[in-house]
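Here is the structure we will look at.
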Amino acid sequence: MNTPMIITVGREYGSSGREIGKILSKKLNIPFYDKKKLLSIAKQTPDYEEVREFYEEKPVNSFLAAIEENEEEKAIARKPFRRIRSLMSEEGGVLIGRCGNCIFRNYENALTVFVHGSKKIRVQKIAQIEQISLREAKRRMEEVDEDRSVFHSNYTGETWGAADGYELCLDSGILGIEGCADMILKYLQWKKEMPGL
C-alpha cells in the first residue's frame, strides 16, 4: 500500500507560503489544508471549544503557559495533532502552518518545508495585498511572525523557522512563487530516485 504524499509548509508572513502550497496541491492532485479549511472541519467536532486556540492559531493563554502543564492539558494540546494526522492519513495533502513539521516529522513520504524571504520584499507584498502603508505592513509582518513563533514554541517546544526543524528551506524572494513550487517538486522527484532515503 502506498503511503500518501504529505507536504507541510511553514512560512513567514508575506513569503507566499500559502500560494506555493496551493500550486503544489493542484500539481500533485492532493488536498489543501489551510487555516480556513481546518477551522471548518474542526468546528464540526463536539470538543471544538477545547482546541479552539490551536485551530485559530492563537498562542496559548499566557497565564496557562506560565503554570506547569498537567497531563490533561498536555492531552488537550496534542489532540489537534492526532486529528490532523488522522485527517491526512488516507489522501495526504498540503498542510499550511499548524506545526506541521512536528506533526509529520519522520513520516514516510512527508516533506517539511519552510518558506522565508527578505523583510523588504515581504513588507512590499503585504502592503500591496492589504492595501496599507509600508510602515503598517512592517508592523503587521513583525506582529504575525511573532505570533506564529510563540504559537509554534508553545505547542512544540521548538524554535519556529529554525532550519534544523525542516527538511527544505526556500527563499521565495529569490525563487518566486512558481520557482519555489518547482524546486519542491524537483526535490520530491530527486528523493524518489535516491534509494534508501
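The numbers here are math on the coordinates, done by the rules we state, and not lab data. All figures in this text were calculated on a predicted structure; none of them were measured in a lab. Backbone-built Cβ (ideal geometry, glycine too); neighbour counts: all protein chains shown.
Observations on the model:
- Projecting label points 7 angstrom from Cα along Cα→Cβ for Asn106 and Gln131 puts them 4.9 nm apart.
- Once exposed loop GluC sites (Glu not before Pro) are cut out (DSSP; at most 10 other Cβ, 10 Å), longest piece of the chain: 109-197
- Taking amide hydrogens as placed 1.01 Å from N in the peptide plane, the amide H of Cys169 sits under 5 Å from those of Phe114, each at least 5 positions away in sequence or on another chain.
- Placing a pseudo-label 7 Å from each Cα along the Cα-to-Cβ vector at Thr45 and Glu146 gives an inter-label distance of 3.0 nm.
- The label-point distance for Met194 and Glu56, in a model that sets each label 7 Å from Cα toward Cβ, rounds to 4.2 nm.
- Counting neighbouring beta carbons within 10 Å and listing from fewest to most, the residues Val144, Val115 come out as Val144, Val115.
- Neighbour counts of C-beta atoms inside 10 Å place Tyr107, Tyr33, Tyr55 in the sequence Tyr107, Tyr55, Tyr33, starting with the fewest.
- MRE, 222 nm, helices only [DSSP H, n ≥ 4, -39500 (n - 2.57), over the chain, to nearest 500]: -18000 deg cm²/dmol
- Cα gyration tensor shape of the chain, rounded if a/c is under 1.5, else prolate or oblate by comparing a/b with b/c: oblate
- Overall form of region 79-177 per C-alpha gyration tensor (a/c, 1.5; a/b vs b/c): prolate
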